[in-house]
Amino acid sequence: MWTGRSLLTMDGVDSGAARSLLDAAHRESWRGDELAGKVVANLFFEDSTRTRVSFSMAAQTLGAKVVDLTSKGSSVAKGETLLDTAWTIEAMGVDAIVVRSGDSGVAELIDEHTQCAVLNAGDGTHQHPTQALTDALTIGRSLGLSDGWDFGGLRVAIVGDVVSSRVARSNVGLLTGLGAEVVLVGPPGMAPSSLESMGCRVTSDFDSVLGECDAVMMLRIQFERGGGATLASTREYHARFGMNEGRLERMKDRAIVMHPGPMNRGVEISASVADGERSVVLEQVRGGVLVRQAAMAHAIGH
Ligand code: CP
C-alpha cells in the first residue's frame, strides 16, 4: 500500500497497514498540528469535487499550507509536461503532491522522479486508493466492523461501469485484502468475465446476487472514457442495473447502498434511493476527509 511515503495503489494491499490507517481515521483524534510547517500541493489535471476539497480540508485541518493547481490556469495549458510541473512544484519546497490525472500511471511516474510524498487522487482507469479506504471506513462503521476491520463473511457488489472504474479496481484490492468477497456486476461490455482475474466473481445478473450482499456500491457510467458506448438507452440500463425502490426491498435487512460519486440520478441510482435511509453516500463523503487526514499524517506528519 505504501511505497515509501507515497500512497499509489491498493493492488497487493498490506492489510495491516490498511487497518492501521482505518483505525487512525476512525478515531478522529487529531491535535491539529500534525502537518504544521508542511506544504501540500494539489495537482488536479482532471475534474473533481469530493477528492480535491477533502484533501485540501484534511491538510488544512492538520496545519499544512495547501497550494492548488489545475490544468486550466497553469502552464500545463501551455504544453508543459506533468513531470516538468511536478519538478517545478518540488523545487519550491513542497512536501507532498496530491495528483489526479486522466492518465493511468501518472502518480507512479511523479513518485519515481521526485522526492516528495505522492498521494494518488485517481489516475485514469487505474487506481483511486483513498476512495477505497473511504469506502472501507464507511462499510466498517455502518456494519459495526470498526473493531479490527475484519470483513470476513461480507459480500460486496460493485455494480455498473466496472471496466472504466479506478474506484472498483482499488476497492477490489482493499476489500478482498480485508477478507470480503467482491462480486462485480454489469453488462458484459462494462463487467467482462476477464475481471475475474482480480479475484472476484463477475455476473451480468444483478438480481441474482442482490439479496446476498451486505453492501452494494453503484458506479456511474463513465461516458467520457467511452463507457456505455453500446447501451441502447439509459432507461433500459436503469431497468437492468439501476438501484431503485424495487431492488432496495430485496436487499438484506442491514445492507447499505454506496456510491463514490458523482452520481447520475435516474441512471445507476434513483433519486429516492440516493436520498433514502439505506444510502451512506454522504457518510462516504465525510469519511473522505478522515481518511485523507490519516493518509497525510502517515505520509508527512510529525
Ligand atoms: N469519488 C470521487 O473521486 O469524486 P470526485 O471526482 O468528485 O473527486
* **Qualifying positions in region 18-36 - outside any loop (DSSP other than H, G, I, E, B) and either open to solvent by less than 30 Å² (accessible area, probe 1.4 Å) or of a type in the set (Val, Ile, Thr) (or both)** => Ala18, Leu21, Leu22, Ala24, Ala25
* Structure fact -> Restricting region 62-88 to residues that are among the hydrophobic types (A, V, I, L, M, F, W, C) and open to solvent by 20 Å² or more (accessible area, probe 1.4 Å), the one farthest from Ala297 (Cα to Cα) turns out to be Ala77
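Residue-wise test of (1) in contact with a strand residue (DSSP E or B) (Cβ under 9 Å, 6 or more places away or on another chain); (2) modelled with pLDDT of 95 or more; (3) open to solvent by less than 30 Å² (accessible area, probe 1.4 Å); (4) not polar (S, T, N, Q).
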| position | (1), (2), (3), (4) |
| --- | --- |
| His126 | yes, yes, no, yes |
| Pro129 | yes, yes, yes, yes |
| Gly148 | no, yes, no, yes |
| Val159 | yes, yes, yes, yes |
| Val162 | yes, yes, yes, yes |
| Asn171 | yes, yes, yes, no |
| Thr176 | yes, yes, no, no |
| Val182 | yes, yes, yes, yes |
| Val185 | yes, yes, yes, yes |
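Of the residues Gly246, Gly266, only one is touching a residue at least 24 places away in the same chain (Cβ under 8 Å), open to solvent by 30 Å² or more (accessible area, probe 1.4 Å) and over 19 Å from the mean Cα position of the chain (by Cα); which?
Gly266
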* Asked: Where in region 92-180 are there helices (runs of 4 or more DSSP H), lying wholly inside it, with at least 2 residues that are more than 15 Å from the chain's Cα centre (by Cα) and assigned by TED's automatic domain parsing to the domain that holds Phe45?
  -> 106-113
* Asked: Listed residues Gly173, Gly144; which is without any contact (Cβ under 8 Å) to a residue 40 or more places away in the chain and within 23 Å of Ala24 (Cβ to Cβ)?
  -> Gly144
* Structure fact -> Flagged pairs (Cβ under 9 angstrom, 6 or more apart or on separate chains; first in region 100-116, under 18 Å from Gln131 (Cβ atoms) and more than 16 Å from the ligand (Cβ to nearest atom); second in a loop (DSSP other than H, G, I, E, B) and not aromatic (Phe, Trp, Tyr)) are Gly105/Gly124; Gly105/His126; Glu108/Leu8; Glu108/Thr9; Glu108/His126
* Filter region 41-91 for residues that are assigned to a strand (DSSP E or B) and within 16 Å of the ligand (Cβ to nearest atom) and give the result. => Asn42, Leu43, Phe44, Val66, Asp68, Leu69, Thr70
* Which residue out of Leu154, Leu143 is modelled with pLDDT of 95 or more, in contact with a Gly (Cβ under 8 Å, 6 or more places away or on another chain) and surrounded by fewer than 24 Cβ atoms within 10 Å (Cβ to Cβ)? -> Leu154
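The values are calculated or read from the model by the stated rules, or taken from the named source; none is laboratory data. Since this is a predicted model, take the numbers as computed values, not measurements. Cβ atoms come from the backbone with ideal geometry, glycine included; neighbour counts cover every protein chain shown. Surface areas here come from the heavy atoms of the whole protein model, side chains and all, with no ligands, DNA or RNA. Shrake-Rupley method; radii C 1.70, N 1.55, O 1.52, S 1.80 Å.
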